[in-house]
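Comments concern the structure below.
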Amino acid sequence: MPQNRAHGVIRPSLHPVWSQSSIFTSFVLCSLFVLFVVAGVLAVLPERLLRRCAPWRSEILAGVWGCLGLLALVGAVCRLEGGVSWFPVFGMDGPALPMLVLLAFAGGLMGVGQRGLACALTGLAFLALSPLVFGLLAGTALVLLADRGRQGVCLPFAVIPACIPADSPLSPPALCLMVLLLGWAVSSQKGPEAVLPAGIGLFLLGRLLAEVGVLPPVQQGLLMVSGGAVALWGAVQAVRSPAACGILAGVASAGYGGLVVMLTLALAAPVKGGEFFRTATLLATGAPFLALLAALWLSRQDGGLFTPNSAVAQARGSRLALGGSLLLLSAVPPLGGFSVFWSLLNAGEVAAAHTHPAQALCLLLVLVGAACVMALGMIGLLRVGFATFVQQMPASVPQGSRTADDAPSLSSVLLLPAWICAGGAVLITLLPGGWLALVDHLFAGDTPRDFAWKTLARVQFAGSDITLTPVFSVLALAVCVVGAGLLGRAFGVFPLRPAVPGAAAWRDGAPVVQQDDEVQSAPISEPSMPVVWTAFGVLLGAAEQKPTDWPVVEKTSAGARYLQAVLFRTVAWCEAQGMVLILLFLGAGLLLGLFAAK
């Protein structure tokens, strides 16, 4: 992420409206810095110091993050770049402001405590111009988000690529390690903070690959294998996790791995479809990102979605917001996930038609793997939707002694963040061209995208006539639904019958009989041990003993418990000395980068 070459690579043909020494640029940069500091302080300040403002802490933080998002949005639209001469540590370059627009949505959902502080430190890291400052701030944020003890020791290694020259031979292995560690961090989170490690990884990877340009095939393969492993890991977690927040964290991890693969193909592969892969990556940071934030936010409220009689699953507003978020995440046309999948298919087709047969076969295999990962992610989304809309009983239907008055309720204030994220996702889905022009600086590209009315509502690739207009698809689907409804009403034919609520227990036709004595279940006979193993136990003198009573097993268990205690004490010390370890790792990375530089 060194800033000396990234500016020229990211946008060589851009002529900024505002110069680097303008008053407006200095005002935006200083305002962003002050607001990030205020957000970080408010997130961890004790309530006794806030006094009467303590009940309004969440609202004040939401306002601060809203101002941050508006400033970043204005700066991204005006193409602001540069910094101030009297404070050269922080500045704005190509990918910083678009990433801050996305971070503002996540920061408004983080709340107080370590999560809010981690979000503020991540924003300051995006504004940092020095690799050391970026590594220190991003590494501290990752440690604050560490879910387990060993994560606090391992995650600081993820920022080492920032301190190594991009053209060093050690950079590709360090990038692969970064992808794997951050994928682990994303999959272990349980809420909106899952997007922070993914954002840090994409920001750093985009900057470094923009400096290098075209990577050798071996290094490309390493990055693609690392991203594919993270994507597969997250997809399997989405299928197997028993909690809704774990399922959505797995979907986030799968999306992060897929973005790494697409970004590698877009910025480091000498194929003609590089602009197509870049467009797919930019689209994936829009509507699917905001929809995932809304779903992650709802999955944390009131015990989660899989809890019996969950308030989130029964509140009408939350069910509607969650259903819309899941649809936007999926590949149902013409929603946000479908736009990404459509761009990816076009990218694979163009790249396979204009490259070597061996590379074309590899690209087809990558597309098949992406389709499999998306299928597994869809299964995870279906699990969340089934648990919310099918398994959960509406509050108006009594169950046993429970009445409608006892149904849990969800405050409308808690639904507002989810509605804001879902509304932003819908807006980006309908106006993808405006979003592509806004985040054009996020990743490097040869052809700049400008704001234009003719491309505001469609996805268009540079140098190609292939376009996608989601608004037309939405209008066509609306016309079909309205026409089907009018025909059904005219002829009295409807494909779906109205649901008939089930009758209460006392109306089933027989009285309820209360039985005091429960029917005793038949004892389950344990399977007998085979004769061979019984004879072998007699030979060893352990016929009447369990395996846990054997001396060898007892000694091995005692040694394992001792090693476990030593490991836990070591991890606790590493957690207490996390900041010192980060500084040591950053210093080691700088020295390693200096000696390994060409």
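Take the residues in segment 370-385 that are open to solvent by less than 30 Å² (accessible area, probe 1.4 Å) and of a type outside the set (A, V, I, L, M, F, W, C); name whichever of them is farthest from Ser241 (Cα to Cα).
Gly385
Would you be able to say whether some residue in segment 43-63 is closer than 30 Å to Phe451 by Cβ and out of contact with any Leu (no Cβ under 6 Å at 6 or more places or on another chain)?
yes
All but one of (1) of a type in the set (S, T, N, Q); (2) closer than 11 Å to Ala194 by Cβ; (3) in contact with a Leu (Cβ under 8 Å, 6 or more places away or on another chain) hold for Ser253; which doesn't?
That leaves (3) as the condition not met.
If the requirement is being more than 19 Å from Leu102 (Cβ to Cβ) and either open to solvent by 10 Å² or more (accessible area, probe 1.4 Å) or at pLDDT 80 or above (or both), which of these qualifies: Gly250, Gly258?
Among Gly250, Gly258, only Gly250 is more than 19 Å from Leu102 (Cβ to Cβ) and either open to solvent by 10 Å² or more (accessible area, probe 1.4 Å) or at pLDDT 80 or above (or both).
So that you can scan it fast, the table gives a plain yes or no per residue for (1) touching a residue at least 40 places away in the same chain (Cβ under 8 Å); (2) part of a helix (DSSP H, G or I); (3) of a type in the set (A, V, I, L, M, F, W, C); (4) open to solvent by less than 10 Å² (accessible area, probe 1.4 Å):
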position	(1), (2), (3), (4)
Leu97	yes, yes, yes, yes
Gly107	yes, yes, no, yes
Gly123	yes, yes, no, yes
Thr140	yes, yes, no, no
Val143	yes, yes, yes, no
Pro161	yes, yes, no, yes
Cys176	yes, yes, yes, no
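Considering only residues of segment 15-68 that are part of a loop (DSSP other than H, G, I, E, B) and not aliphatic (A, V, I, L, M), which is modelled with the lowest pLDDT?
Filtering segment 15-68 for residues that are part of a loop (DSSP other than H, G, I, E, B) and not aliphatic (A, V, I, L, M), the one modelled with the lowest pLDDT comes out as His15.
Assess whether Leu181 counts as being assigned to a helix (DSSP H, G or I) and open to solvent by less than 10 Å² (accessible area, probe 1.4 Å).
Spelling it out, it is not the case that Leu181 is assigned to a helix (DSSP H, G or I) and open to solvent by less than 10 Å² (accessible area, probe 1.4 Å).
Looking at Arg79, Arg115, which is the one that is among the basic types (Lys, Arg) and over 18 Å from the mean Cα position of the chain (by Cα)?
None of the other options fit; the residue is Arg79.
Residue by residue through segment 432-470, note down the ones that are farther than 25 Å from Pro333 by Cα and among the small types (Gly, Ala, Ser).
Ala444, Gly445, listed by residue number.
Yes/no per residue for (1) modelled with pLDDT of 80 or more; (2) charged (D, E, K, R); (3) open to solvent by less than 60 Å² (accessible area, probe 1.4 Å):
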{"position": "Gly424", "(1), (2), (3)": "yes, no, yes"}
{"position": "Ile428", "(1), (2), (3)": "yes, no, yes"}
{"position": "Ala437", "(1), (2), (3)": "yes, no, yes"}
{"position": "Phe451", "(1), (2), (3)": "no, no, no"}
{"position": "Ala462", "(1), (2), (3)": "no, no, yes"}
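Please specify each residue of segment 87-105 satisfying the condition of being among the small types (Gly, Ala, Ser) and at pLDDT 90 or above.
Ala104, the sole residue that qualifies.
The values are calculated or read from the model by the stated rules, or taken from the named source; none is laboratory data. Values in this document were obtained by computation on a predicted structure and should not be read as measured data. Neighbour counts run over all protein chains shown; Cβ positions are idealised from the backbone, glycine included. Note: areas computed on protein heavy atoms with side chains; ligands, DNA, RNA excluded. Shrake-Rupley method; radii C 1.70, N 1.55, O 1.52, S 1.80 Å.
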